[in-house]
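> I am attaching a structure below and will ask some questions about it afterwards.
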Amino acid sequence: MNSKYQSPLERIEPPFWYADMHNKELQIMFYGENIGKNFVETVEKGIIITVTKTENPNFLFVTINVKWKHAKEIVFIFKQNNKTVFTQKYNIRQRRELSSERKGFDSSDVIYLIMPDRFANGNGENTNDKNTTEKYNRELPGGRHGGDLNGITKHLDYIKSTGATAIWNTPVCEDNEAEFSYHTYAQSDVYRVDPRFGTNEDYVRLSAELHKRDMKLIHDYVTNHWGLQHWMVQDPPTLDWINTFEIYTETNHKRTTVIDVNAAKIDRQQCIEGWFVPTMPDLNMGSPLVLKYLTQNAIWWIEYVNLDGLRIDTFNYAEPLQMVKWTNAIMAEYPNFNMVGEITQRNHGILAYWQKDSKTGEIHDFNSNLPSVMDFSLCDALQLVFNEDDGCWDRGMTRVYDSLTFDFLYPNVNNLMIFAENHDSKRLNYCYNHDLQKYKLAMVTLATVRGIPQVYYGSEIGMGGDQYIGDADIRQDFPGGWEGDINNAFDPESRTDIQNEYFNFTSKLFHWRQTKAVIHFGKTTHYIPQDNIYVYFRYNETEAIMVVINNNTETRTVPTIRFKENLENYITGFCVFSAQSLELKNDLAVEGKSFLILELS
């Protein structure tokens, strides 16, 4: 069907959809000058459910019944005064086979966290883009450095060689802020990969290449805010699309007010509705149109790119009951999927509140349905503990022990994301002044306790950085990611000796972990640290692992009689790193700032 008038539509979102989805209703947003003045119908009758016009005549929200199991083309007819003005085709694509049954990441995985702008430049032609403001300037610490999706794709074999089985990229959608746009948390178009990272097709290719290697892709999603330059912030569909105030109001960042039974309403409201920073307007998820838009956007990326998980930024800044609806809708489409929320809290009771089926949420009759949360408490411990040579009441290895004593609060401890650093924290190697032994102790802990380990790009070659100098210091470029870099740490022949020491240890540790279901899903018994020595066991019905961490600077002898309840069925322990067999009836000698990982038999 042709129209005698050119279509005034500038955007259609989602740009296409999929057949045979669990939710049979689709909200399509049509955007163009005065598009709202049109009447809309379809050639095939009975498809449109509702048409919503808003205060802004440039928008039409059309909800349709997506009842088909196979691909289909829909033709929309836009009319004025009973006359056709133009027509618009819309495609319903075929889903991948078994798409709804996709399995998300879990505790058998090791997640490699990447900031795409700082990892590798795989395509020199997209370092600048005529339609985005900030230009390439690698000399500016907080500028755009030119890393992109092709750079990641070209180095997937390297990432796999670290022992990682999944990658989590910080957001890849367009961020058109004039400064600091490299982190892409102030997004300006959530249906488009930032052109300085590449194209949407590049993102699909990255996912496909990961899956060829039996690896997974986790997409960083932001529900709470967009960037000030987002085109819908510049031309809002409704007056309440974003939360606004007579005077600019920033969130108080007191996320405890969201669940505090004693919190003043004004404090809770400011936390939820205040802007994250002046360049990040707060989305009003209380609006059904906004909620539906964000829900469909997340599902669209999962289908289109074939994602294996989501990491949700600032999960507990948005209105909790609306986030429940958002999470429920995604998990209904993908029952075996996994999503981890950023809950930047150190209190275990608060962290546990946000995990699916938490008992601590019962006071509010609340269940987030969020499968996983990030364990910030353990992260804090891992950044301190190995500098504490004294093992007094609440220092040294007791920090890790104490953190794990709160596991009873969590509905699923194996589905906690655990980490020693990320893109918002001090670098682990900075915390430990580039002491390789201390790095090893942190990684051993991360690799052997319960949960899903997340490592941060570059730490496996000794990269450091201090968050108090500035974010750019903890987000430095990976050496070798740019043509002309003197040190290419992707190549073992080009690495320095110390870089290879870091890498070889990390790779061996996490490759070993890949083979150990007892670590992925086993139970834990740990013993109160004595003399700054922490001993714990991971076990299931068929296998057991003993971990001994000596946080003293000198060698210590560890009597094994104390651990009889875990050792009574075992005679020897095979030492993973020294390849020696140790008699468990004998005391164990452990060098200073060192460890033993023993496979029991």
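> List pairs: first in the stretch 260-282 and closer than 18 Å to LEU321 by Cα and open to solvent by 50 Å² or more (accessible area, probe 1.4 Å), second of a type in the set (S, T, N, Q) and in a loop (DSSP other than H, G, I, E, B), Cβ under 7 Å, 6+ apart or cross-chain?
ASP267/ASN252; GLN270/THR249; GLN270/THR251; GLN270/ASN252; GLU273/ASN243
> Taking the condition of being of a type in the set (A, V, I, L, M, F, W, C), modelled with pLDDT of 95 or more and out of contact with any strand residue (DSSP E or B) (no Cβ under 8 Å at 6 or more places or on another chain), how many residues in the stretch 383-403 meet it?
3
> Continuing with the same structure: For ASN552, which of the numbered conditions (1) farther than 23 Å from MET443 by Cβ; (2) assigned to a loop (DSSP other than H, G, I, E, B); (3) modelled with pLDDT of 95 or more fails to hold?
(1)
> Go through the stretch 373-428 and report how many residues are within 25 Å of the chain's Cα centre (by Cα), of a type in the set (Gly, Ala, Ser) and either under 16 Å from ILE549 (Cβ atoms) or not in a loop (DSSP other than H, G, I, E, B) (or both).
Here the count works out to 4.
> If I ask for residues that are free of Cβ contacts under 8 Å to residues at least 40 places away in the same chain, out of contact with any Phe, Trp or Tyr (no Cβ under 6 Å at 6 or more places or on another chain) and either surrounded by 14 or more Cβ atoms within 10 Å (Cβ to Cβ) or assigned to a strand (DSSP E or B) (or both), which ones from the stretch 560-583 would you list?
Residues satisfying the conditions are THR560, PHE563, LEU567, TYR570, THR572, GLY573, PHE574, CYS575, LEU582, GLU583.
> Shifting gears a bit: Which one of these is more than 30 Å from GLU101 (Cα to Cα) and at pLDDT 95 or above: SER377, SER372?
Just a single option satisfies the conditions, and that option is SER377.
> Something else now. For ASN540, work out the one condition from (1) open to solvent by 50 Å² or more (accessible area, probe 1.4 Å); (2) closer than 24 Å to ASN429 by Cβ it doesn't fulfil.
Single failed check for ASN540: (2).
> When you scan the stretch 299-332, how many residues do you find that are hydrophobic (A, V, I, L, M, F, W, C) and over 15 Å from SER207 (Cβ atoms)? Break it down into steps so the answer makes sense when it comes.
Quick first cut of the stretch 299-332, residues hydrophobic (A, V, I, L, M, F, W, C) only: 299-302, 305, 307, 310, 312, 315, 318, 321, 323-324, 326, 329-332.
The next check asks that each one be over 15 Å from SER207 (Cβ atoms); those that pass are 299, 312, 315, 318, 321, 323-324, 326, 329-332.
Residues that pass the stated criteria total 12.
> Only one of these is small (Gly, Ala, Ser), at pLDDT 95 or above and open to solvent by less than 10 Å² (accessible area, probe 1.4 Å): ALA208, ALA120. Name it. Don't jump to the end; show me each part of the working.
Working: ALA208 fails: open to solvent by less than 10 Å² (accessible area, probe 1.4 Å).
When all the criteria are applied, what remains is ALA120.
> Then there's this: For the stretch 56-67, enumerate the residues that are part of a strand (DSSP E or B) and of a type in the set (A, V, I, L, M, F, W, C).
Once the filter is applied, which keeps residues that are part of a strand (DSSP E or B) and of a type in the set (A, V, I, L, M, F, W, C), the stretch 56-67 yields PHE59, LEU60, PHE61, VAL62, ILE64.
> Related question: Being surrounded by 13 or more Cβ atoms within 10 Å (Cβ to Cβ), assigned to a loop (DSSP other than H, G, I, E, B) and either touching a Pro at 6+ places or on another chain (Cβ under 8 Å) or modelled with pLDDT under 95 (or both) is the filter here, so list the residues in the stretch 465-486 that pass it.
Selection gives GLY465, GLN467, ASP485.
> GLU41 fails exactly one of the following numbered conditions: (1) of a type outside the set (Ser, Thr, Tyr); (2) part of a strand (DSSP E or B); (3) within 30 Å of MET331 (Cβ to Cβ). What is the number of that condition?
Of (1) of a type outside the set (Ser, Thr, Tyr); (2) part of a strand (DSSP E or B); (3) within 30 Å of MET331 (Cβ to Cβ), only one is false for GLU41: (3).
> Could you tell me which residue of the stretch 83-101 is least open to solvent (accessible area, probe 1.4 Å), considering only residues that are basic (Lys, Arg) and touching a helix residue (DSSP H, G or I) at 6+ places or on another chain (Cβ under 8 Å)? Let's see the steps before the verdict.
Residues of the stretch 83-101 basic (Lys, Arg): 83, 89, 93, 95-96.
From what's left, touching a helix residue (DSSP H, G or I) at 6+ places or on another chain (Cβ under 8 Å): 95-96.
Numbers: ARG95: 33, ARG96: 94 Å².
Filtering the stretch 83-101 for residues that are basic (Lys, Arg) and touching a helix residue (DSSP H, G or I) at 6+ places or on another chain (Cβ under 8 Å), the one least open to solvent (accessible area, probe 1.4 Å) comes out as ARG95.
> Ok, one more. At pLDDT below 95 and assigned to a loop (DSSP other than H, G, I, E, B) - does that describe any residue in the stretch 46-55? If you could, list the steps in order and put the result at the bottom.
Initial filter on the stretch 46-55 (at pLDDT below 95): 46.
Next, from what is left, pick out any that are assigned to a loop (DSSP other than H, G, I, E, B): 46.
Within the stretch 46-55, one or more residues are at pLDDT below 95 and assigned to a loop (DSSP other than H, G, I, E, B).
> Condition test on MET374, is it open to solvent by less than 20 Å² (accessible area, probe 1.4 Å) and closer than 23 Å to LEU294 by Cβ? Step through it out loud before you land on a result.
Details: open to solvent by less than 20 Å² (accessible area, probe 1.4 Å): yes; closer than 23 Å to LEU294 by Cβ: yes.
For MET374, the condition - open to solvent by less than 20 Å² (accessible area, probe 1.4 Å) and closer than 23 Å to LEU294 by Cβ - is met.
> Okay, moving on. Tell me whether the stretch 514-536 contains one or more residues that are in a strand (DSSP E or B), open to solvent by less than 10 Å² (accessible area, probe 1.4 Å), closer than 26 Å to ILE418 by Cβ and of a type outside the set (Ser, Thr, Tyr). Give the derivation first.
Initially, the stretch 514-536 is screened for residues in a strand (DSSP E or B), giving 523-530, 533-536.
Adding the requirement that they be open to solvent by less than 10 Å² (accessible area, probe 1.4 Å) leaves 534-536.
Then keep just the ones that are closer than 26 Å to ILE418 by Cβ; that gives 534-536.
Pick out the ones that are also of a type outside the set (Ser, Thr, Tyr) and you get 535.
Yes, that holds for at least one residue.
> When the residues of the stretch 158-199 are narrowed to those that are surrounded by 18 or more Cβ atoms within 10 Å (Cβ to Cβ) and in a helix (DSSP H, G or I), which ends up nearest to the chain's Cα centre (by Cα)?
HIS183
> Could you please tell me which pairs satisfy a Cβ distance under 9 Å, a separation of 6+ or placement on different chains, a first residue in the stretch 55-68 that is within 26 Å of ASP20 (Cβ to Cβ), and a second residue that is part of a loop (DSSP other than H, G, I, E, B) and at pLDDT below 95?
Pairs that qualify, where the first residue is within 26 Å of ASP20 (Cβ to Cβ) and the partner is part of a loop (DSSP other than H, G, I, E, B) and at pLDDT below 95, are ASN65/GLY46.
The values are calculated or read from the model by the stated rules, or taken from the named source; none is laboratory data. These figures come from a predicted structure and were not determined experimentally. Cβ atoms come from the backbone with ideal geometry, glycine included; neighbour counts cover every protein chain shown. When the accessible area is computed, the model is the full protein with side chains, heavy atoms only, and any ligands, DNA or RNA have been set aside. Shrake-Rupley method; radii C 1.70, N 1.55, O 1.52, S 1.80 Å.
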